[in-house]
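The block underneath contains the structure these notes are about, expressed in structure tokens.
The values are calculated or read from the model by the stated rules, or taken from the named source; none is laboratory data. These numbers were taken from a predicted model, which means no experiment stands behind them. Reconstructed Cβ throughout: ideal geometry from the backbone, glycine too, with neighbour counts over all protein chains shown. Quick note on the areas: whole protein, heavy atoms, side chains included, nothing else; ligands and nucleic acids left out. Shrake-Rupley method; radii C 1.70, N 1.55, O 1.52, S 1.80 Å.
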Amino acid sequence: MSLVGLRKAFGATPAVDDLTLHVPRGSFTTLLGPSGCGKTTALRLVGGFLEPDAGRVLIGGVDQVGRPPNLRGVGMVFQDYALFPHLSVRANLEYGLRMQRVERALRAERVARAVALLGLAGLEGRYPHELSGGQQQRVALGRVLVLEPEVLLMDEPFSSLDAQLRLRLRAELKALQRELGVTTIYVTHDQEEALSLSDQVVVMDRGRVQQVDSPEGVYLRPANRFVAEFVGQANLLPVQVTATGSAAPAGGLTLTALGRPLSARLPDERRPEPGARGLAMVRPEHVVLLTDDVPPPAGGWRAAATVRARSFHGGFERYWVELPGVTEPWLVDVPLGPSLGGTTPASGRPAPGASVSIALPAFAASWLW
Amino acid sequence: MTAGLRSLGRLWRFDRGLLLAYGLAALFLLGFVVAPLVRVALEPSAADWRQVLTTPRWQRAALNTLVTVGLSTTSSLLLGTAFAFAVTRARVPGARLFSVVPLFLLLTPPFVSGLAFVLLLGRRGLLTYHLLGLETSVYGLHGVWLAQTLSFFPVAYLVLRGAFLAVDPTLEQAARGLGADRGQVLRSVTLPLVTPALLAAALFIAIGVLGDFGNPMLVGGRFQVLATAVYTQLTGWASFGTSAALGLVLLVPAVALFAAQQAVQAATRQRFATVGGRGAGLPAPAVAGWLRWSLFALCVLVTLFVLASQGVVFVGALTRLWGVDLAFTLEHARYAFGQVGGLGNSLRFASLAALLCTALSLLVAYLVQRGGVPARRGLDLATLLPAAVPGTLLGVAFVLAFNGPPLRLTGTGLIIVVAMAISYLPVGYRICAAAIEQLRPALDDSAANLGASKLRALLTVTAPLLRPALAATFVFAFVQAVGTLSTVIFLVSFDTPLASVTILNLAEQGSWGRAAALASALVLVTVAALALLYLVAGRSVRLWGFSRAGG
Ligand SMILES: Nc1ncnc2c1ncn2[C@@H]1O[C@H](COP(=O)(O)OP(=O)(O)O)[C@@H](O)[C@H]1O
Ligand SMILES: [Mg+2]
């Protein structure tokens, strides 16, 4: 399935602008972005609930634009489930099959399969208002799955559930999607959800695609500052390019940051010119914190810094450190092992005000466009 | 029982104000709803019953009533639903304009439709006689049916408009996504979801038609229904027994409808209220082009007809002798505005009744939902009961119950005010109950936590928050009361004339000019009164806000 140059504006500002995307068959693709960036609009364009101003929606090579939603073979799970309140669970599950005039026996068989698959046994006679949030969610999903759609669309399906339930349903959904192999487009503003569920993540901002990559890709090699800051925490570092192309290590480049050489990853095939100035990004857990009395490891990049604050997060400890020449303070996450204090720093935990050094292993940084 | 006593004890100790209000409300409902109905039920003797059930004339009237109610309710519902669908879902051109047409009709008393029919389509009707040269007339079933449809379809429109607006368009879009075509969406999602509202409207209309006799009187001719029979029996023959028995016959279908509607509502209410509906900004799916344009044509047609029918009454008011001498005259207008007594009474009684109705509706709704008082189910039923009582029967019941000790009220304005208030109590109660349901109980609780008694909480927190619902109740009761005939025609006296009754009498005498002039004057002063209210009460008066609570 492919989207080609999709555009939809409400009034003057486009909600979705020039959206081009290939969704491999059977893949789990997530649209990720802040609220209002056009995710829902994009999904509705695919489902046929809105018509685009321009562009094409290709499913199996056939353009779907202009086709009504009931003829697209696309199943959509709405954010608020949109279960029919006047119909029982069974009737909700059966609804689409009835509309297609599927014969009774086959209908019962498919519904039974969905009930078993989604753990809804015993609830068939209930009405939506008699179900918990998680159960409503499962009916909404089952109602679509019984139609065996070519493409499954889900709009923030877990957003109104509590955190525990969300984790469980997320795991169930992933397993189910694998098992059925249905091509899925999923919408969320929760980066953790996107990273843990997807084969492919599409990061959007103000109607435009910022990056399309694997979860590892968008996290470790964000295309630009927006993606870096939206998908997880990002430490920014002003840099200048020293070598690219054949002079640089494969898939990366060499930079100068705060006067020292630094190797970095590149998000895509584009190569910056030598001498160009820009920003690199480092994830907090990739920074190594060294107290003054520990000698730095030879090679690699390092800089002097001052600790400003510290907070405890259970599995790790987070430090806010100030680097001379860098405006925003950096975050450094230090994992906590069985002995409090963990692997680093060896000689106790630096308190706010302490002078420290920070070091980056090779390729801990990534170039931002 | 003991739990009830305990809660009474608690009220006595901590909340005497609320207990007093509870006592007064209960007493009022017992005295003015339950007692008169019991009284009228006991009136007919066995001989009266035998006579009523065996006289062919009355058997025919009963049959006529059934036919009229069936036809008028069906056509009003169809027309009102189509109109509501046209302006809310089909998005016909000019929807905003069309959406006020039925509201305009609601401002005019129902019998104005009957009057208009006579002036337009009667023996000397403008259309039939003058334009088409026909000698036919609309008198009879056709006329009654048409006039009732015109009078009652706005009610269906209002209730259904609210219901259509309450259907989350996401549900319709979801149905499309699951493979339903446009017709299937309508049949399998939209219509089932508005069914409770449809039934509520059906009940209101059916019982309205059942008890109405303004229109049958004006355009029925020799076509007699039970309501007109009750009237002639009581005023012509002063036969209380037979008129009570005839009125009670009306109660049979009314109670059956009432029970059916209550049952459906009880079964669907929770199911429909609690699910979904954040309305994600998705518009409802478009309807088919042919349907949209047919609905548009229907809207145009109805609008033209409404304009013609209301306009002809104003024209009739300024015409010397309808059907004979169409010359312009101000004579009738002078007459009409000379009827200050009747017009003034209509306004005064209607506003007092609307006030009483609003206060009672709020009080009972609060007591039933939040008051923690005993016998809530009884209170609820007694308040809804008048919805099942055709106006004619209520009139007879009042005449019988308050004609002598212990409470002699006949001939006073009070009895008229109380009868009007009771007639609209069920609708007002539903409006207020629905609004209170929307208020979070935490508001009451926090008022209590801050030291307010329940009565204080009602007056200082709940009532101000319910202003829109209260205004809707008041306006509805006022507009209906101004134009009512069925109940009050039994209760007016020489000292307490009412414009609506005078209009009917004038029309019966063939004084079309005067009848039309007085009807026009009544419409004008009603509109003026509402405009004044609008200016004074400002934005909390959402004139037809009750439509959303109508189901
Ligand atoms: N029906 C609509 N009418 C007008 N503007 C809309 C409509 N739907 C969405 N928008 C606007 O388009 C933008 C994208 O909205 P949406 O797709 O719902 O974002 P998301 O799902 O990512 O939160 C928002 O600015 C929103 O206000
Ligand atoms: Mg959204």
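What single numbered condition from (1) touching a residue at least 24 places away in the same chain (Cβ under 8 Å); (2) open to solvent by less than 30 Å² (accessible area, probe 1.4 Å) fails to hold for residue B:409?
(1)
Condition test on residue B:516, is it in contact with a helix residue (DSSP H, G or I) (Cβ under 8 Å, 6 or more places away or on another chain), open to solvent by less than 10 Å² (accessible area, probe 1.4 Å) and at pLDDT below 85? Show your work before the answer.
Details: in contact with a helix residue (DSSP H, G or I) (Cβ under 8 Å, 6 or more places away or on another chain): yes; open to solvent by less than 10 Å² (accessible area, probe 1.4 Å): yes; at pLDDT below 85: no.
No: the conditions fail for residue B:516.
Is it the case that some residue within segment B:418-434 is open to solvent by 50 Å² or more (accessible area, probe 1.4 Å) and either at pLDDT below 90 or out of contact with any strand residue (DSSP E or B) (no Cβ under 8 Å at 6 or more places or on another chain) (or both)?
Our first condition is that a residue be open to solvent by 50 Å² or more (accessible area, probe 1.4 Å); within segment B:418-434, this holds for none.
No: zero hits.
If residue A:35 passes every condition in (1) touching a residue at least 40 places away in the same chain (Cβ under 8 Å); (2) surrounded by fewer than 18 Cβ atoms within 10 Å (Cβ to Cβ); (3) more than 16 Å from ligand 1 (Cβ to nearest atom) but one, which one does it miss?
(3)
When segment A:1-12 is examined, which residues are found to be touching a residue at least 40 places away in the same chain (Cβ under 8 Å) and either more than 14 Å from chain B (Cβ to nearest Cβ) or away from ligand 2 (no atom under 16 Å from the Cβ) (or both)? Explain how you work it out, then say what you get.
Applying the first criterion (touching a residue at least 40 places away in the same chain (Cβ under 8 Å)) to segment A:1-12 yields A:1-9.
Selection gives A:1, A:2, A:3, A:4, A:5, A:6, A:7, A:9.
Quick one: which helices (runs of 4 or more DSSP H) sit completely within segment B:127-236 and have at least 2 residues that are at negative phi and open to solvent by 50 Å² or more (accessible area, probe 1.4 Å)?
Numbers: elements: B:141-166, B:169-177, B:182-185, B:191-211, B:214-219, B:226-231.
Where helices (runs of 4 or more DSSP H) fall fully within segment B:127-236 and carry at least 2 residues being at negative phi and open to solvent by 50 Å² or more (accessible area, probe 1.4 Å), they are B:141-166, B:191-211.
Name the single residue that is surrounded by the most Cβ atoms within 10 Å (Cβ to Cβ) among those in segment A:79-96 being at the interface with chain B (Cβ under 7 Å from one of its Cβ atoms) and small (Gly, Ala, Ser). Show your work before the answer.
We begin by selecting, within segment A:79-96, every residue at the interface with chain B (Cβ under 7 Å from one of its Cβ atoms); these are A:79-86, A:95-96.
Subsequent filtering for residues that are small (Gly, Ala, Ser) retains A:82, A:96.
Details: A:82: 31, A:96: 26.
For segment A:79-96, the residue satisfying everything is A:82.
I'm trying to understand the selection: among the residues of segment A:97-109, which are within 14 Å of another protein chain (Cβ to nearest Cβ), aliphatic (A, V, I, L, M) and open to solvent by 50 Å² or more (accessible area, probe 1.4 Å)?
Going through segment A:97-109, the residues within 14 Å of another protein chain (Cβ to nearest Cβ) turn out to be A:97-102, A:107.
Those left that are additionally aliphatic (A, V, I, L, M): A:97, A:99, A:102.
None; the set is empty.
Would you say residue B:470 is open to solvent by less than 10 Å² (accessible area, probe 1.4 Å) and hydrophobic (A, V, I, L, M, F, W, C)?
So residue B:470 does not fit the description; no.
State whether the residues of segment B:67-81 include one that is more than 22 Å from the chain's Cα centre (by Cα) and surrounded by fewer than 21 Cβ atoms within 10 Å (Cβ to Cβ).
Kept after step one, since they are more than 22 Å from the chain's Cα centre (by Cα), are these residues of segment B:67-81: none.
Checked segment B:67-81: no residue is more than 22 Å from the chain's Cα centre (by Cα) and surrounded by fewer than 21 Cβ atoms within 10 Å (Cβ to Cβ).
Let me confirm something: among A:147, A:71, which residue is within 13 Å of another protein chain (Cβ to nearest Cβ) and crowded, with 19+ Cβ neighbours inside 10 Å? Walk me through it before giving the result.
Working: A:71 fails: crowded, with 19+ Cβ neighbours inside 10 Å.
Selected residue: A:147, the only one of A:147, A:71 that is within 13 Å of another protein chain (Cβ to nearest Cβ) and crowded, with 19+ Cβ neighbours inside 10 Å.
Need pairs with beta-carbon distance below 7 Å; first residue over 13 Å from residue B:152 (Cα atoms) and within segment B:191-208, second assigned to a helix (DSSP H, G or I) and aromatic (Phe, Trp, Tyr); sequence gap 6+ or separate chains.
B:193/B:272; B:194/B:164; B:196/B:272
Considering only segment A:39-65, state which residues are away from chain B (no Cβ under 13 Å), in a loop (DSSP other than H, G, I, E, B) and on the phi > 0 side of the Ramachandran plot.
A:60, A:61
So if I check each of A:90, A:101, A:25, which one is modelled with pLDDT of 90 or more, among the charged types (D, E, K, R), more than 16 Å from ligand 1 (Cβ to nearest atom) and in a loop (DSSP other than H, G, I, E, B)?
Working: A:90 fails: in a loop (DSSP other than H, G, I, E, B); A:101 fails: modelled with pLDDT of 90 or more.
Every option except A:25 fails the conditions.
Considering only segment A:177-190, how many residues are more than 20 Å from residue A:16 (Cβ to Cβ) and surrounded by 18 or more Cβ atoms within 10 Å (Cβ to Cβ)?
Going through segment A:177-190 one residue at a time, the tally reaches 2.
Could you check residue A:20 against (1) more than 14 Å from chain B (Cβ to nearest Cβ); (2) in a strand (DSSP E or B); (3) within 16 Å of ligand 1 (Cβ to nearest atom) and say which number it fails?
Going through the list (1) more than 14 Å from chain B (Cβ to nearest Cβ); (2) in a strand (DSSP E or B); (3) within 16 Å of ligand 1 (Cβ to nearest atom), residue A:20 breaks only (3).
Report, ordered by the first and then the second residue, all pairs with beta carbons closer than 6 Å, sequence separation of six or more or different chains, a first member in segment A:185-198 that is within 14 Å of another protein chain (Cβ to nearest Cβ), and a second member that is assigned to a strand (DSSP E or B) and within 13 Å of ligand 1 (Cβ to nearest atom).
A:185/A:153; A:187/A:31; A:187/A:155
Looking only at segment A:38-68, filter to residues that are open to solvent by 60 Å² or more (accessible area, probe 1.4 Å) and within 16 Å of ligand 1 (Cβ to nearest atom); which one of those is modelled with the highest pLDDT?
Within segment A:38-68, the match that is modelled with the highest pLDDT is A:53.
So which residues in segment A:3-17 are in a loop (DSSP other than H, G, I, E, B) and either near ligand 1 (Cβ under 8 Å from one of its atoms) or in contact with a His (Cβ under 7 Å, 6 or more places away or on another chain) (or both)? Before the answer, list the steps.
Step one: filter segment A:3-17 for residues in a loop (DSSP other than H, G, I, E, B), giving A:11-12.
A:11 - this is the single residue of segment A:3-17 that is in a loop (DSSP other than H, G, I, E, B) and either near ligand 1 (Cβ under 8 Å from one of its atoms) or in contact with a His (Cβ under 7 Å, 6 or more places away or on another chain) (or both).
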